[in-house]
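Every number in this text was worked out from the coordinates using simple rules, so none of it is lab data. Quick caveat, the model's predicted, so the values are computed rather than measured. For neighbour counting, all protein chains shown are included, and Cβ atoms are generated from backbone atoms with ideal geometry for every residue, glycine included.
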Amino acid sequence: MSARPPADIALLGPGSWGTALGLLLCANGHRVRLWGHASEQIEAIRRDGENRRFLPGFPIPSAMTATASLEEALDGASDCLIVVPSHAFEQVVARVAERLPSALGIAWATKGLDAQSGQLLHAIAQQSTGERPLAVVSGPSFALEVARGLPTAVSVASNDADFASRIAGLLHGGRFRAYTSTDMIGVEVCGAAKNVLAIATGIADGLGFGANTRAALITRGLAELIRVGTALGGRAETFTGLAGLGDLVLTCTDNQSRNRRMGLALAGGRSVAEAKTEIGQEVEGVVTALAVHRLSERLGIEMPISAQVYRVLYEDISPAEATRALLEREPKAEFG
């Protein structure tokens, strides 16, 4: 991919993932305006010279400025990348659309579904932005490893091939590879629903069920992703790529995953509230489990693993009960 001139990027969301992407973009020669709505958090980043709350130990480079003013972040920006939790996405993208020139596209690295409607995020974005180019960045990528410069690969899916190439070009460099896709639906379904499955594997591991169970959950979980994703219009091959199988395996098998840690905590007897407090950051799979449950019911699609995670989170059944419900299901053909 050919070298690009430096860009001025509005990066909206000063969590661990947003900060890590900001460090990557600066390392690639770009300038970043890191925005957060909480002025005290932004002031702490300025004072400490690092994001001590969410990504400690990584100095903020001079090419990255932190601001609590959305207008300041967007003014004169050549690109916009949203990295806020899914529950805040609709509000933020609407505010961005009001202030960003209509010719500029909007990208996001948020993984989840709209908590209220269960819609995919590109559908939410289109309601506010109209016909402008949109792109989603997703794939197996822990913030800490990206910040450390460890090899990482992601997918950038867009409704506009040129815009996909632009966003991929901003991110691609050094040890970070960005591939393009036209399947926004598939990439978004994978990025959201895999978090629910990570809670399931965390529960199983927390109950001591071992590697056989973990492998079965990942494999059958992938089947659930494919069923719901293709029903919504995603392409089957997306689910075996970086955004699908890649991110699913990552999130289900490593304790850097907040969703996996949620499952481990639930298996250990903590409540959802206690686990959230212990983890200390957003756990997207909790909200997504409700949205996926509603979506599967609306589409008439069987998602037994996701359904049991929903029951643990929202119907107060125990992880052991949920496991029994899965194991007692009638035998059936693996495919078909």
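With the convex hull drawn over the C-alpha atoms of region 12-130, the volume per residue is 98 Å³. Measuring from centroid to centroid over Cα atoms, what is the spacing of region 271-289 and region 66-90 in Å? One Cα centre to the other: 24 Å.
Packing, taken as the mean count of other beta carbons within 10 Å per residue, orders the peptides 81-93, 316-328, 200-212 from highest to lowest as 81-93, 200-212, 316-328.
Using a Gaussian network model of the chain whose springs link C-alpha atoms within less than 10 Å, name the residue from Thr277, Thr240, Thr129 with the highest mean-square fluctuation. Answer for the Gaussian network model of the chain: Thr277.
Please report, ordered by residue number, every helix of the chain (full DSSP H runs) that is 30 Å or longer along its axis going by C-alpha atoms and whose mean Kyte-Doolittle hydropathy reaches -0.5. Qualifying helices: 184-206, 210-231. Can you tell me what percent of all Cα-Cα pairs in region 155-215 are more than 19 Å apart? The calculated P(r) of region 155-215 puts 52 percent of pairs beyond 19 Å. Beta-bridge orientation, the chain: approximately 25 percent antiparallel, per DSSP, counting only bridges with both partners inside. Most tightly packed first, judged by the mean number of other beta-carbon atoms within 10 Å of their residues, the peptides 14-22, 279-287 read 14-22, 279-287.
Summary of the geometry: region 1-41 and region 183-253, compared by the centres of their Cα atoms, lie 28 Å apart. Where [x] 82, 47, 43; [y] 47, 46, 39; [z] 59, 39, 34 are the candidate values, the label of the one calculated here for Cα extents along the principal axes in Å is [z]. Each Lys or Arg adds one and each Asp or Glu takes one away; over the other residues whose Cβ falls under 15 Å from the Cβ of Thr238, this sums to -1.
Ellipsoid fit via the Cα gyration tensor, region 127-261: semi-axes of 27, 19, 11 Å, each the root of five times an eigenvalue, largest first. Considering only Ile218, Ile185, Ile45, the Gaussian network model of the chain with Cα springs below 10 Å gives its largest mean-square fluctuation to Ile45.
Estimated from helices alone, the mean residue ellipticity of the chain at 222 nm is -15500 deg cm²/dmol (sum of -39500 (n - 2.57) over DSSP H runs with n ≥ 4, per residue). Using a ≥ b ≥ c from the Cα gyration tensor of region 194-265 (square roots of the eigenvalues), is it rounded, prolate or oblate, where a/c under 1.5 gives rounded and otherwise the larger of a/b and b/c decides, a/b for prolate? Prolate is the answer for region 194-265, as a/c is 1.5 or above and a/b outweighs b/c. Taking every DSSP bridge with both residues inside region 1-84, close to 15 percent are antiparallel.
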